[in-house]
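The values are calculated or read from the model by the stated rules, or taken from the named source; none is laboratory data. Keep in mind that this is a model prediction, so the values were computed, not measured. With ideal geometry, Cβ positions are generated from the backbone for all residues, glycine too; neighbour counts draw on all protein chains shown.
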Amino acid sequence: MPSVSNWKVPSAVQPKPEDYGYDLDQALSSVVGLHATVPADAFTAETLGTERAGNGVFIRGNGLVLTIGYLITEADTIWIALNDGRSVPGHVLGYDQESGFGLVQALAKLDVPSLEIGDSAAASIGERVVVGGFGGRQRSVAARIVAKQEFAGYWEYVLEEAIFTSPAHPNWGGTALIGPAGDLLGIGSLQLLLDRGEELGWFGSGEIWIEAIVSAFGFYYFFAHSLTTDEPFIRFEMFKDRNFTSGVVFMVVIGVVLFGTMALVTPFMQNLLGYPIQTAGFLLGSRGVGTLITMMVAPRLMRLVETRWLVLAGLLITGTTLSFFTQFSLDTKQWTIVWTSIMQGIGLGLLFVPISTAAFGTLPGHLRTGGTAILTLLRNIGSSVGISIVIAQLTSNTNYMHARLIENVTPFNQALQMPDVSSIIDVTSDAGRALLDSIVTQQAVLLAYLNDYKFLMYATFAVIPLIFIFGSSRKQQAVGGHDEPVVME
């Protein structure tokens, strides 16, 4: 997170006083800067750092500051920066685990206006708000509420109705969400998406307009050129061939499953099962053995069996092995990983050669060169998409599962009071709570991995009906007469 002194909001997204029915400058003067130092041996020092900077909001005239809890948790020194240039010491009053809020008391008598706390439940989607940061209008953002929904932050809290705003504030921690009446509706906690558009205020920025125009012109030129020239970048007529189009879809799914599984299995073995990198690599390599063997046998099988049935067998084997992956646990043995990986490799091997052959079997010779490039390109895109999806799902599901599991960790849970458990996990101590949180986090991560495997399994089974779009490979052999040999990958 940037410090409170080295950034500035683009002028295009700064709030303008005439747009609001309250004294904007006075409201923003209630927002202060916070700087906290944390001991190096603190529990949160490694993840949140020993020096933290953000914002806070005066909510009472006696110097009470409301902020986001992670800025001040375990802090031994707090300094409050005021808009008049002064800095005064502060003291941490408390940190509410349920809401994620923190309270700081200024250790000096101050004459600073406070913001009245409003009713966040009454705020509606689309409403204009100001995300106020320390430093006045130049460090604040004119925004709108884009969503109100549940948010699970596994590290500290679950919010039944979190408020999401756009564009994002570059120094969001502890910012004041100021409503249309000039009251305080919320405190900035997280930035869930950070990209160039949000940094610059989307179409309020000249740069975004230029990039959007260039992109639109590029797409127009691409389609216009491809549809009107004799030698286009891509001949769209190749997609009229149903075998080729089906093959492209299959290849995208293969890319998703192949690389999505690779992106999951390796960290699963290292982070959850505790295997060293070399061991994880050897175990993952067993899938390549199955693929190698099957790809050598597949051309011979195609002389005996319809291509579509080989593809069906490959999809069924791949999907079934993924169903075994959904049953992995922290006690999964190495041999289980080896044989399921080999079976998945066999299934993928039954897909590559038959799909490539079927895709090009009826494609005219003059389209095969471009078709080969398209097939490879879309498979690589599928690989990238697959990795992105499973990693995003892994993170999201980990948060969700942790939030759901932690609901049962209460003083009223009799399981935690059993002698065998309480002798190891003392929930009244910091070390005991840290151990309990690590156990819950481990289980949440495991469930997130299993859900990802389930997603890949469903994606594999979902494309099975496409095998009936493939034409009969025996009919293709009988017709023959192609002027060029079938292209194989």
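Just the residues that are at pLDDT 85 or above and either out of contact with any strand residue (DSSP E or B) (no Cβ under 8 Å at 6 or more places or on another chain) or within 25 Å of Ile72 (Cα to Cα) (or both), please, taken from region 132-164. Within region 132-164, Gly132, Gly133, Phe134, Gly135, Gly136, Arg137, Gln138, Arg139, Ser140, Val141, Ile163 qualify. The number of residues in region 32-52 being in a strand (DSSP E or B) and farther than 22 Å from Ala176 by Cβ comes to 2. Out of curiosity, is Met302 modelled with pLDDT under 85 and closer than 17 Å to Gly255 by Cα? No, not satisfied. Just to verify a result, which residue in region 53-74, among those that are in a strand (DSSP E or B) and among the hydrophobic types (A, V, I, L, M, F, W, C), is surrounded by the fewest Cβ atoms within 10 Å (Cβ to Cβ)? Selected residue: Leu64. Do we find a residue being polar (S, T, N, Q) and more than 22 Å from Asp111 (Cβ to Cβ) anywhere in region 52-61? No.
Based on this model, can you work out whether Val31 counts as more than 21 Å from Gly133 (Cβ to Cβ), surrounded by 15 or more Cβ atoms within 10 Å (Cβ to Cβ) and in contact with a Lys or Arg (Cβ under 9 Å, 6 or more places away or on another chain)?
Criteria not met by Val31.
Only residues that are within 36 Å of the chain's Cα centre (by Cα) and charged (D, E, K, R) were counted across region 227-240, and they come to 2. Somewhere in region 267-284, is a residue assigned by TED's automatic domain parsing to the domain that holds Phe360 and under 21 Å from Phe461 (Cα atoms)? No, region 267-284 contains no residue that is assigned by TED's automatic domain parsing to the domain that holds Phe360 and under 21 Å from Phe461 (Cα atoms). The strands (runs of 3 or more DSSP E) found wholly in region 87-154 and carrying at least 1 residues that are touching an Asp or Glu at 6+ places or on another chain (Cβ under 7 Å) and of a type in the set (Val, Ile, Thr) occupy 141-153.
Each residue in region 287-308 was checked for being under 40 Å from the mean Cα position of the chain (by Cα), surrounded by 16 or more Cβ atoms within 10 Å (Cβ to Cβ) and hydrophobic (A, V, I, L, M, F, W, C), and 2 of them qualify. Pull up region 361-373, narrow it to residues that are buried (at least 18 other Cβ atoms within 10 Å of the Cβ) and not in a loop (DSSP other than H, G, I, E, B), then point me to the one that is modelled with the lowest pLDDT. Step by step, filter region 361-373, then rank; the result is Gly361.
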